[in-house]
1. Given the condition open to solvent by less than 70 Å² (accessible area, probe 1.4 Å) and part of a strand (DSSP E or B), answer yes or no: does some residue in region 142-152 qualify?
2. Under 7 Å between Cβ atoms, at least 6 apart or on separate chains: pull out the pairs that start in region 46-60 with a residue that is surrounded by 14 or more Cβ atoms within 10 Å (Cβ to Cβ) and end on any residue that is among the small types (G, A, S).
3. Does any residue of region 19-28 turn out to be assigned to a helix (DSSP H, G or I), open to solvent by 20 Å² or more (accessible area, probe 1.4 Å) and at pLDDT 90 or above?
4. Working carefully through the options S70, S82, find the one that is of a type outside the set (V, I, T), over 20 Å from E132 (Cβ atoms) and crowded, with 22+ Cβ neighbours inside 10 Å.
5. So, K179, is that one of a type outside the set (D, E), out of contact with any Asp or Glu (no Cβ under 8 Å at 6 or more places or on another chain), surrounded by fewer than 20 Cβ atoms within 10 Å (Cβ to Cβ) and modelled with pLDDT of 95 or more or not?
6. Looking at region 100-120, I want the residues that are touching a residue at least 24 places away in the same chain (Cβ under 8 Å) and have a partner that is part of a loop (DSSP other than H, G, I, E, B) and open to solvent by 80 Å² or more (accessible area, probe 1.4 Å) with Cβ atoms under 6 Å, at least 6 apart or on another chain. Which pairs are those?
7. Using beta carbons and a limit of 6 Å, which pairs, at least six apart or on different chains, have the first residue in region 126-146 and of a type in the set (D, E, K, R) and the second one open to solvent by less than 50 Å² (accessible area, probe 1.4 Å) and part of a strand (DSSP E or B)?
Amino acid sequence: MLGIILCGGNSSRMGSDKGLLKLEAKTWAQTAIDKITPLGIPVKLSVNQQQYKDYTAVFDAADLVVDAPSLDLHGPLLGVLSCHLQYPQRDFFALACDMPLMEPALLKELHERYQQAPEAEACVFTNDGEPEPLCAIYSARGLAKILALLQNGHLVKHSMKYMLDHLNIVSIPIQQHQKTSFRNFNAHAELNGL
């Protein structure tokens, strides 16, 4: 398994790169890395071509996976499938960089549930019945299936939630008190109190 921190968004509403924002002297990307690392899995950062230079100033270039130009996609699915092209045998523990309040205990729970479900192609939390695809585990087998659908022109929507409709998933409902962990931040006005 490989941890994948999804940093490749345009951060257009935030106005600056979310993965490089600081929380208590650490970038959000580093904060996400630090939350996955205790699970004992190596971690890579998914970035787009425009971010590469800024990220190599902070992180080792070997830890970056740049969006594949061969994929005609946008959004997080581009990051996930670009990583899959580079590491086709690895399952991915995906975590968005803009969830700085994520509790490590939830990541541990997700990891344990996935290990108990060998048939699962994805393991995902659900929030009021809706999946949280940006904190989820995707099997190499499941991603290969999605890539094949895309290449054959059968992936009509390019969203993470639509992708989940095509996978055998194990879902974990989150409790009311856990919802804060899944809050993602998109604009500076939302950062007050962080």
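1. no
2. So the pair list comes out as S46/G8; S46/G79; S46/S82; V47/G8; N48/G8; Q51/G8.
3. The answer is no; no qualifying residue exists.
4. Values: S70 fails: crowded, with 22+ Cβ neighbours inside 10 Å.
Only one candidate qualifies: S82.
5. Values: of a type outside the set (D, E): yes; out of contact with any Asp or Glu (no Cβ under 8 Å at 6 or more places or on another chain): yes; surrounded by fewer than 20 Cβ atoms within 10 Å (Cβ to Cβ): yes; modelled with pLDDT of 95 or more: no.
So K179 does not fit the description; no.
6. Listed by first residue and then by second, the contacts come to L101/R183.
7. E132/F125
Rundown of residues vs (1) in a loop (DSSP other than H, G, I, E, B); (2) β-branched (V, I, T); (3) in contact with a Gly (Cβ under 7 Å, 6 or more places away or on another chain); (4) farther than 18 Å from N184 by Cβ, yes/no style:
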residue	(1), (2), (3), (4)
P69	yes, no, no, yes
H84	no, no, no, yes
P88	yes, no, no, yes
M99	yes, no, no, no
A105	no, no, no, yes
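The values are calculated or read from the model by the stated rules, or taken from the named source; none is laboratory data. These numbers were taken from a predicted model, which means no experiment stands behind them. Reconstructed Cβ throughout: ideal geometry from the backbone, glycine too, with neighbour counts over all protein chains shown. Accessible surface is based on the protein model in full, side chains and every heavy atom, while ligands, DNA and RNA are left aside. Shrake-Rupley method; radii C 1.70, N 1.55, O 1.52, S 1.80 Å.
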